[in-house]
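Have a look at the structure below before the remarks.
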Amino acid sequence: MYPVIISIHQPNFCPWLGYFSKILRSDLFILLDHVEYNKNGWTNRVRIKTPQGTQWLTVPALRGSSHQSIRETEINPTVKWNHKIVKCLEANYGRAPYFKEIFPQIEVILSETVFGLADLNVHLLEHLLRTVGIETPLVRSSQLNHHGNATDMLVSLVESAGGSTYLSGDGAEYQEDHKFEVRGISLETSKFNHPEYPQLWGGFAPGLSVLDPLFNLGAEGTHQLLRHELESKTTEPEPTPEETLV
């Protein structure tokens with residue numbers, strides 16, 4: 001019987017390569033949409049590269065209460081954020097080799113009327129996974145049975161999804177590994193060794209949105225980049241400025 005590998009993470013906005021590497025290694029990816037929204041997190045923002053250095057792309061989110069969940073978080077309808085992001089991508093990646101191939105559908109999705117932040121992020125993620133060629137299914141945590149907080153919540157989600165192995169990030173200091181062992185769940189750690197690739201605008205910058213490699217390498221090139229990193233886990237990963245993985 002083969003192990004069923006489950007990984008879990010918040011539904012982030014056009015996330016970095018390490019996020020996609022984690023999904024690629026999993027049999028099922030759980031989008032943690034029922035937890036509290038963090039306005040300073042990566043759920044509504046990501047970095048891209050410009051001639052002046054890295055820059056944030058931000059989706060303006062409305063915060064109604066201090067304990068508002070990600071799935072309850074709405075996009076601010078009074079801000080023309082999608083037009084701003086489209087123009088920013090055109091200005092900074094218009095010269096990239098694969099921009100004209102990748103950008104049109106991204107523009108379509110960004111231009112659609114979507115009120116929920118999680119809905120936007122999941123729609124974009126589903127499209128980006130298809131583009132990169134990753135077939136791992138997604139499910140939202142709000143659609144699964146779960147209980148408790150922190151490690152107890154993760155254990156209950158893995159069990160609810162029928163998982164036998166939990167693929168965790170390497171930055172979750174709160175995680176109590178023994179709770180997985182007690183429930184018969186094996187643990188693996190996702191250590192992403194960020195590969196370098198050709199970028200516009202000077203020296204290499206790690207931890208950018210997956211849009212950066214897609215515009216520079218194309219769909220097949222990005223897929224091969226992820227595959228190569230997965231198959232060559234022989235060196236210690238260098239730290240990146242990206243988010244802590246759950």
Taking TYR197, TYR166, TYR174 and ranking on accessible area (1.4 Å, protein atoms only), highest first, one gets TYR174, TYR197, TYR166
Percent relative contact order for the range 9-102, counting Cα pairs under 8 Å at least six residues apart, stands at 23 percent
Labelled set (1) 40, 39, 34; (2) 53, 46, 28; (3) 46, 45, 31; Cα extents along the principal axes in Å computed from this model equals the value at (2)
Relative to the chain, whose Cα atoms define the longest principal axis, helix 81-93 and its Cα axis are tilted in degrees, nearest 10, by 70 degrees
Ignoring ligands and nucleic acids, SER66 exposes an accessible area, probe 1.4 Å, in Å² to the nearest 10, of 70 Å²
Note to self, the chain gives a 222 nm [θ] from helices alone (DSSP H runs n ≥ 4, -39500 (n - 2.57) apiece, / all residues, nearest 500) of -11000 deg cm²/dmol
Once amide hydrogens are built 1.01 Å from N within the peptide plane, the residues lying 5 or more places from SER69 or on another chain with amide H under 5 Å from its amide H are TYR37
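Considering only Cα-Cα distances, which of the following residue pairs are longer than 23 Å: LYS39/LYS84; LYS49/LYS100; LYS84/LYS191? Could you put the intermediate results ahead of the total?
Working: LYS39/LYS84 19 Å; LYS49/LYS100 17 Å; LYS84/LYS191 34 Å.
With Cα atoms farther than 23 Å apart: LYS84/LYS191.
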Once normalised by the length of the chain, the mean sequence separation of its alpha carbon contacts under 8 Å that are 6 or more apart gives a contact order in percent of 28 percent
Per-residue accessible area, 1.4 Å probe, largest first, puts ARG71, ARG95, ARG130 in the order ARG95, ARG130, ARG71
per DSSP, antiparallel bridges as share of beta bridges in the chain, % nearest 5, sits at 45 percent
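Let a ≥ b ≥ c be the square roots of the eigenvalues of the Cα gyration tensor of the range 85-190; is it rounded (a/c under 1.5), or, if not, prolate (a/b larger than b/c) or oblate?
Working: a/c = 2.78, a/b = 2.27, b/c = 1.23.
Prolate.
The values are calculated or read from the model by the stated rules, or taken from the named source; none is laboratory data. Every value quoted in this text rests on a predicted model; they were computed, and no experiment measured them. Side chains are part of the model used for accessible areas, which takes the heavy atoms of the whole protein and leaves out ligands, DNA and RNA. Shrake-Rupley method; radii C 1.70, N 1.55, O 1.52, S 1.80 Å.
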